Amino acid sequence: MRIVIVGLGVIGGSFAISLKKAGYHDVYGIDTDPATIEKAKSAGIIVDGNASGEAFLRQADLTVISLYPRLIKGFLEKNRENFKPGSIITDATGIKMNLLREIEGIIPETVDFIFGHPMAGREKKGIDYASAEVFRNANYIITPTEKNRPENIEILKKIISDMGFGHICAVTPEEHDELIGFTSQLPHAMAVALINSDKEGRNTGLFIGDSYRDLTRIANINEDLWSELFLGNKENLLMAINNFEIELDLIKKAVFENDRETLCRFFRKSSSRREKL
């Protein structure tokens, strides 16, 4: 199987590394940065690559698009005639409904675009931080549509499994965006707010433990990508933030009223729900 990865950043690069480790050696790359292409070739994680990739796409059985959501439409428009008929295309973006509406009319009828989302990543960006370990036992979400062929979904699932992902689930694009608003975007918003609520100038790092360290890991954030993801999933994220604020206000009220019994009830509930995860 010949595979082309579009965008060899931390996620695209991790795809390439994971595919090679899984025995998929016929992998090519497309990236606008010549240095990134050279790094990927030198590391042996792609056979070849360049900025346009037209020749690669014409022979690709699978194309993995690992670009910012706003760049995917332009890439599809530019390469609409270059995709191999009968091939599979997938993506790795964190929002689906906006993307689906934007590109639905320009996806070539001759290919099968199966939307996907690896639930893994790194705070750093660029191929230098790519690793197969980032995907090991991670969750992977696909959001099939009625246009997708069942046999192609199974092919994609096998490749994802071979790469080391632990669990693959399928949901609608609407369900995906609601869930991601809560499980991914809300935690990033919380981490940013927690870091930014600290007093300026004090050496907080001398006083932190695992709880603060774990909660704020994702506050080291790619501002260009995550501002796009937040605004592209605005309604779902606002709903998640609102629900969180309600729960935080309940804790605040219990603390203000010295209500130990209520606090313990909240803690028991959270402990039980966390264990079930």
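Considering segment 130-146, and only residues there that are assigned to a loop (DSSP other than H, G, I, E, B) and either more than 13 Å from the chain's Cα centre (by Cα) or not hydrophobic (A, V, I, L, M, F, W, C) (or both), the residue that is nearest to Lys39 (Cα to Cα) turns out to be Ala130. Ile45 meets the conditions (1) buried (at least 18 other Cβ atoms within 10 Å of the Cβ); (2) more than 24 Å from the chain's Cα centre (by Cα) in every case but one. The failed one is (2). Among the criteria (1) under 30 Å from Tyr68 (Cβ atoms); (2) at pLDDT below 95; (3) in a helix (DSSP H, G or I), the one Leu186 does not fulfil is (2).
Taking the options Phe15, Phe56, name whichever one is closer than 17 Å to Asp128 by Cα and among the aromatic types (Phe, Trp, Tyr). Reasoning before the result, please.
Numbers: Phe56 fails: closer than 17 Å to Asp128 by Cα.
After applying the criteria, what remains is Phe15.
Helices (runs of 4 or more DSSP H) fully within segment 195-277 that include at least 3 residues being more than 25 Å from Thr93 (Cβ to Cβ): 210-216, 234-256, 260-276. Consider segment 124-156 and keep the residues that are closer than 20 Å to Ser87 by Cα and of a type in the set (D, E, K, R). The one that is surrounded by the most Cβ atoms within 10 Å (Cβ to Cβ) is Arg149. Once segment 38-68 is narrowed to residues that are of a type outside the set (Gly, Ala, Ser) and in contact with a Gly (Cβ under 6 Å, 6 or more places away or on another chain), the residue that is farthest from Asn233 (Cα to Cα) is Ile46.
Residues that are farther than 19 Å from Asp177 by Cα, assigned to a strand (DSSP E or B) and either touching a strand residue (DSSP E or B) at 6+ places or on another chain (Cβ under 9 Å) or outside the structural domain of Leu8 (by TED's automatic domain parsing) (or both): does segment 90-104 have at least one? Write out each step before concluding.
First, pick out the residues of segment 90-104 that are farther than 19 Å from Asp177 by Cα: none.
Within segment 90-104, none of the residues are farther than 19 Å from Asp177 by Cα, assigned to a strand (DSSP E or B) and either touching a strand residue (DSSP E or B) at 6+ places or on another chain (Cβ under 9 Å) or outside the structural domain of Leu8 (by TED's automatic domain parsing) (or both).
Return the residues of segment 147-183 that are small (Gly, Ala, Ser) and assigned to a helix (DSSP H, G or I); say none if nothing qualifies.
Step one: of segment 147-183, the residues small (Gly, Ala, Ser) are 161, 164, 166, 170, 181.
The answer is Ser161, Gly181.
Scanning segment 1-45 for residues that are assigned to a loop (DSSP other than H, G, I, E, B) and closer than 23 Å to Lys157 by Cβ turns up Met1, Arg2, Gly7, Ala22, Gly23, Tyr24, His25, Asp26, Ile45.
Considering only residues that are of a type in the set (Val, Ile, Thr) and under 12 Å from Ile103 (Cβ atoms), which ones fall in segment 55-79? Correct list: Ile65, Ile72. Residue count for segment 48-70 satisfying the condition of being surrounded by 14 or more Cβ atoms within 10 Å (Cβ to Cβ) and either among the hydroxyl-bearing types (Ser, Thr, Tyr) or touching a Cys at 6+ places or on another chain (Cβ under 7 Å) (or both): 3. Go through segment 206-234 and report how many residues are closer than 22 Å to Glu178 by Cα, without any contact (Cβ under 8 Å) to a residue 24 or more places away in the chain and surrounded by 11 or more Cβ atoms within 10 Å (Cβ to Cβ). The qualifying residues number 3.
Inside segment 173-205, residues that are crowded, with 16+ Cβ neighbours inside 10 Å and of a type in the set (Asp, Glu) make up a count of 2.
The values are calculated or read from the model by the stated rules, or taken from the named source; none is laboratory data. Note that this is a predicted model, so its numbers are computed, not measured. Glycine gets a Cβ as well: all are built from the backbone with ideal geometry, and neighbour counts include every protein chain shown.
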